[in-house]
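Scroll down for the structure; my scribbles are underneath it.
The values are calculated or read from the model by the stated rules, or taken from the named source; none is laboratory data. Computed from a predicted structure; not experimentally measured. All Cβ positions, even for glycine, are placed from backbone atoms using ideal geometry, and neighbour counts span all protein chains on display.
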Amino acid sequence: MEYLIGFIIAMFIALTGVGAGTITTPLLILFLGVPTSMAVSTGLVFSAAVKLVLVPSQIARRQVNWRVLGFMVLGGLPGVLLGSLVLSHLATAGSTKIMNGLLGAILVLTAMYQIAFSFRTVSTVQDPPDRVRWLALLMFPVGAEVGFSSAGAGALGSAALLSLTSLAPSVVVGTDILFGFLLSLFGSGAHLLQGGGVRQALLRHLIIGGLGGVVVGTISARYIPRRPLRFALWVWLFIIGAQFLYRNAFVSMHW
């Protein structure tokens, strides 16, 4: 089961450029019963490991815009540290219901935004104004979301790049994958330094399955359309987030 989860998540990442923390953390909590804080830490480490495999190929293909990445990192890294601190504080206080409720809200809001974004009209402007500097501000809450839930780097990062830059789709994917890798690496380090736990055996199984998923996803990417897969991912994310909120409210009512 753990190998299969790693395989599916990594394949989605290779096919769509998103899905590492977005899929990993909810699956670990709902299907494997991993505590929320540990699931987030494990999701961040797994995301970093999978994207480490993808990053070299994106750089080799020159699909990373370093100037844009610099502005994203400028806001994203302080944000992921803040999110990690908040999660660590809630975990220490034993506020499981609060963590799960916030995680559910994050998943639902992210999904709703992405579903709406999927129906946006593509701009016909050839040379849009340069709004890259706004990325530093926008990536701070994205980083905080990643630090708290491990979700959002790929989804919200790519949406911001498509909205604020004129980068080609392949460069958007490459830049966002490297940004997500840096956030996952920095966030997992912050979690571990604050005493966040990671299940070593679980992580190892996820990574082994993930390596196969990366290979299959990379080979299949040229044959499978990216847009329908992303839309299906957002619908699934909305359902999972709503389940988190429902379960949290149901438990609270019966407390």
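Scanning region 138-160 for residues that are over 16 Å from ALA39 (Cα atoms) and at pLDDT below 85 yields ALA153, GLY154, ALA155, LEU156, GLY157, SER158, ALA159, ALA160. Candidates in region 113-137 are the residues that are among the β-branched types (Val, Ile, Thr) and modelled with pLDDT of 75 or more; of these, the one that is farthest from the chain's Cα centre (by Cα) is VAL132.
Picking from residues in region 224-235 that are part of a helix (DSSP H, G or I) and free of Cβ contacts under 8 Å to residues at least 60 places away in the same chain, the one that is nearest to LEU103 (Cα to Cα) is ALA232. Say whether the condition of being crowded, with 16+ Cβ neighbours inside 10 Å and modelled with pLDDT of 85 or more is met by at least one residue in region 195-202. Checking region 195-202: at least one residue is crowded, with 16+ Cβ neighbours inside 10 Å and modelled with pLDDT of 85 or more. Cβ separations smaller than 9 Å between residues 6+ apart or across chains give the following pairs from region 95-117 residues that are of a type in the set (Lys, Arg) to residues that are modelled with pLDDT under 80 and surrounded by 15 or more Cβ atoms within 10 Å (Cβ to Cβ): LYS97/ASN248.
Sort through LEU85, LEU52 and tell me the only one that's over 15 Å from LEU185 (Cβ atoms) and at pLDDT 85 or above. Just one listed residue meets the conditions, LEU85. Within the set LEU178, LEU206, LEU192, the sole residue that is assigned to a helix (DSSP H, G or I), of a type outside the set (D, E, K, R) and surrounded by fewer than 16 Cβ atoms within 10 Å (Cβ to Cβ) turns out to be LEU192.
Within region 31-49, being at pLDDT 85 or above and among the aromatic types (Phe, Trp, Tyr) holds for one residue alone: PHE46. Being part of a helix (DSSP H, G or I), buried (at least 22 other Cβ atoms within 10 Å of the Cβ) and among the hydrophobic types (A, V, I, L, M, F, W, C) is a property that holds for VAL50.
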